[in-house]
1. Would you please classify the overall shape of the range 57-111 from the alpha carbon gyration tensor, given that a ≥ b ≥ c denote the square roots of the eigenvalues, rounded means a/c under 1.5, and beyond that prolate means a/b larger than b/c while oblate covers the rest?
2. Taking amide H positions as placed in the peptide plane 1.01 Å from N, state which residues far from Ser74 in sequence (5 or more) or on other chains have amide H under 5 Å from it.
3. Would you work out if the range 45-139 is rounded, prolate or oblate? Take a ≥ b ≥ c from the square roots of the eigenvalues of the alpha-carbon gyration tensor; rounded if a/c is under 1.5, else prolate when a/b is larger than b/c, oblate otherwise.
4. What distance in nm separates the two pseudo spin-label positions at Glu43 and Glu92, each 7 Å out from Cα along the beta-carbon direction?
Amino acid sequence: MKFTLPIFAAIIALACGCTTINSTTAFNGVKVDGSRTPVETVEVENSGWFLFTCIPIASGNPSRPNAFSCKWFSNTVKLKNNINVLHERMKERGVEEVSNLTSHCDDEKYLVFLLARRSYHTSAVLLAPEPKTSSKNVK
């Protein structure tokens with residue numbers, strides 16, 4: 001009975017999915033598309049655990065990224081959720097355009113096909129708004 005609680009706690013910790021946002025602003029003066037200045041490079045990851053690779057056990061909570069929060073028995077590991085998290089980050093930074101938007105999904109299987117961990121990754125470079133040019137009337 002002594003080992004039941006630690007084993008149960010370890011199973012719960014492993015079963016939790018998570019949604020995270022990683023970012024950097026270190027660009028070393030590089031500009032995108034000739035004149036566009038990057039604001040931030042963002043990588044969104046949403047992961048979840050599945051039984052028999054299809055029955056969701058726990059997935060990340062896209063409405064609370066970088067928090068210890070998960071959605072039990074629901075599948076939130078979808079491109080749509082990653083794009084929504086990225087869009088919220090764009091609103092926070094006051095950005096309307098991105099460059100180099102990419103997404104991919106990773107599947108890791110454990111105990112043959114009994115458990116699977118699926119992760120969806122989406123990354124993009126957030127671009128500063130284009131400088132507004134003043135138009136003067138030529139007479």
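No lab work stands behind these numbers, since they all come straight from the coordinates. Everything numeric in this text was worked out from a predicted model, so none of it was measured. With ideal geometry, Cβ positions are generated from the backbone for all residues, glycine too; neighbour counts draw on all protein chains shown.
1. Working: a/c = 3.01, a/b = 1.61, b/c = 1.87.
Oblate.
2. Ser59
3. Working: a/c = 4.92, a/b = 3.01, b/c = 1.64.
Prolate.
4. Using points 7 Å along Cα→Cβ, the separation is 1.7 nm.
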